[in-house]
Amino acid sequence: MKNSLNKLRLATIWLDGCSGCHMSILDMDEKLVEIAEYVDVVYSPYVDVKEFPKDVDLTIVEGAVSTDHDLEMIKKIRANSKLILALGDCAITGNISAMKNLYGSNAVLQRGYFDLADINKEKNYPSKIVPKLLSKVLPLHEAIKVDYFLPGCPTPSIAIYEFLKALIEGREIHVHSLTRFGK
Ligand code: SF4
């Protein structure tokens, strides 16, 4: 990998996903050490940062947009990131996260909080801590502009590595050559 004086300011986040795509990032194993030399991880579920930072070069987003908090967060991320990568099928199509679109948020809440509940006889939805579900789960590109897409469930770690390597080296990224690693 070519050397670079400016480290890539990298953020990662999961919205409505299972975290499997982030596990794929960890599955790069020793290649993580290689990548780490060229990036500063400024925000991630792996590090304890509360506020999304400014001037991020690349944000990797796993998961779909399912709640009002997800929507607020992804807009803030877009405003503060030069590039956004939608990582995995949930971010790209909604995938498993969007299965609740088949029934609608109200039916999912009814089933989860009341029909199957042994308590909560008052039939109150939680409203103080839990973010409100949107009426429809959105893939990322329906909420914001997305620069790159890497499919898979999860996205294979080799595709994530090749993507990051190409970005660090300043090479043009050929999406088709990367998506061949998809499922
Ligand atoms: S694409 Fe698959 S592995 Fe990735 S967050 Fe969604 S369900 Fe999990």
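The values are calculated or read from the model by the stated rules, or taken from the named source; none is laboratory data. What you see is a predicted model, and the numbers here were worked out from it, not measured in a lab. Note: ideal-geometry Cβ built from the backbone for every residue, glycine included; neighbour counts use all protein chains shown. The area values use the complete protein model at the heavy-atom level, side chains included, leaving out ligands, DNA and RNA. Shrake-Rupley method; radii C 1.70, N 1.55, O 1.52, S 1.80 Å.
All but one of (1) assigned to a helix (DSSP H, G or I); (2) closer than 26 Å to A159 by Cα; (3) open to solvent by less than 100 Å² (accessible area, probe 1.4 Å) hold for I96; state the number of the condition that does not hold.
In the conditions (1) assigned to a helix (DSSP H, G or I); (2) closer than 26 Å to A159 by Cα; (3) open to solvent by less than 100 Å² (accessible area, probe 1.4 Å), I96 misses (3) alone.
Out of (1) part of a helix (DSSP H, G or I); (2) open to solvent by 30 Å² or more (accessible area, probe 1.4 Å); (3) within 30 Å of E34 (Cβ to Cβ); (4) in contact (Cβ under 8 Å) with a residue 40 or more places away in the chain, what's the single condition that is false for E162?
(4)
Does at least one position in the range 68-80 carry a residue that is touching a residue at least 60 places away in the same chain (Cβ under 8 Å), open to solvent by less than 20 Å² (accessible area, probe 1.4 Å) and more than 15 Å from the chain's Cα centre (by Cα)?
No, the range 68-80 contains no residue that is touching a residue at least 60 places away in the same chain (Cβ under 8 Å), open to solvent by less than 20 Å² (accessible area, probe 1.4 Å) and more than 15 Å from the chain's Cα centre (by Cα).
Condition first: small (G, A, S) and under 20 Å from E62 (Cβ atoms). Now tell me which residues in the range 105-146 satisfy that.
A143, the sole residue that qualifies.
If you take the residues of the range 9-48 that are loosely packed, with under 13 Cβ neighbours inside 10 Å and among the β-branched types (V, I, T), which of them is farthest from A98 (Cα to Cα)?
For the range 9-48, the residue satisfying everything is V33.
If S135 meets every condition in (1) of a type outside the set (F, W, Y); (2) crowded, with 18+ Cβ neighbours inside 10 Å; (3) free of Cβ contacts under 8 Å to residues at least 60 places away in the same chain apart from one, which number is that one?
(2)
Name the single residue that is nearest to the ligand (Cβ to nearest atom) among those in the range 69-121 being charged (D, E, K, R) and in contact with an Asp or Glu (Cβ under 9 Å, 6 or more places away or on another chain).
D70
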